1. Determine the gain in length on full extension of the stretch LYS119-LYS102; use 0.36 nm per residue of separation and subtract their C-alpha separation, reporting nm with one decimal.
2. Going through the range 23-104, which GluC sites (Glu not before Pro) have at most 14 other Cβ atoms within 10 Å and a DSSP loop state?
3. Relative contact order (percent) for the range 56-192, with alpha-carbon contacts under 8 angstrom and 6 or more residues of separation?
4. To the nearest 10 square angstrom, how much accessible area does TYR82 have with a 1.4 angstrom probe?
5. Search the structure for amide H atoms under 5 Å from the amide H of ASP43, placed 1.01 Å from N in the peptide plane, and list their residues when 5 or more places away or on another chain.
6. How many nm is it between the label spots at LEU56 and SER85, if each spot is 7 Å from the Cα in line with the beta carbon?
7. Rounding to the nearest 20 debye, state how big the charge dipole of the range 117-175 is about its Cα centre with +1 on each Lys and Arg Cβ and -1 on each Asp and Glu Cβ.
8. What list of ³J(HN,Hα) couplings, whole Hz, do you get for the range 166-181 from phi and the Karplus terms 6.51, -1.76, 1.60, once you set θ to phi - 60° and write x for glycine and proline?
Amino acid sequence: MKRIVMLICLAATIGTAWSQEVSSRAKAMRMMSFARPEYQVKDIKIFADTMTIYSLSNYVVYPFGVWDNVEQFITNSGLQWYRESGYKQFYDTMSVSVNTMKRIDGSYLDIYRSIWTNKVEMVGAKITDPEIELTNGLHVGVSKQEVFDKFFTKHPKSYTIEVSVIKIISGASEVGEVYTFKGNKLRKIEVVSKYKYY
């Protein structure tokens, strides 16, 4: 009898896990239908508390805009930056000249000027300063609703209530933004990249 009860429990557990996976994929497909066309969303994946959005939009690669040099970016931002220049090592054991732009709260942007694109490219960033704003208007401190409204025309609240991390990833998965929420507020924005620099 114990063996039968254990088999029933095991079958119920496996069935629940399978139905949750189907449910996550169904939610992702439904969210795709609400994606704003300017972000050119090609896929969405939902796993646990994380929603990953794959986008072909230029915004994902240039979340702070397209600039020819670091000075243009600094002037346009209108913020006081503490600038450090140096070399950082990346994939292929290459050293690349990187400018680290810092704010007093510890927020920073690592950027460099690419010899291939002749543009300022993002290497990485961690932003907790609400004064730093992305080109789409998002900044730390906005509500989760505002972030979802930026990427979707509408969205069922039940689909997003458990989401505490949104990742917007470029089509080639080279660069992306990670939005982390605490409660209903955006608490941190990170830029992650896998570029082979130069």
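The values are calculated or read from the model by the stated rules, or taken from the named source; none is laboratory data. Here the structure is a predicted model, which is why all the values come from computation and not from measurement. In this analysis, Cβ positions are derived from the backbone assuming ideal geometry, glycine residues included, and neighbour counts consider all displayed protein chains. These area figures cover heavy atoms from the full protein model, side chains too; ligands, DNA and RNA do not enter into them. Shrake-Rupley method; radii C 1.70, N 1.55, O 1.52, S 1.80 Å.
1. Numbers: separation 17, 0.36 × 17 = 6.12 nm, distance 2.00 nm.
Separation in residues times 0.36 nm, less the Cα-Cα distance, equals 4.1 nm.
2. Details: sites: GLU38, GLU71, GLU84; in loops: none.
Passing sites in the range 23-104 do not exist.
3. 22
4. Here the accessible area works out near 120 Å².
5. It is TYR54, by chain and number.
6. Label at LEU56, label at SER85, 3.8 nm between them.
7. It works out to roughly 240 debye.
8. Taking θ as phi minus 60°, the curve returns 10, 10, 10, 10, 5, x, 8, 6, 7, 8, x, 10, 10, 9, 10, 9 Hz for the range 166-181.
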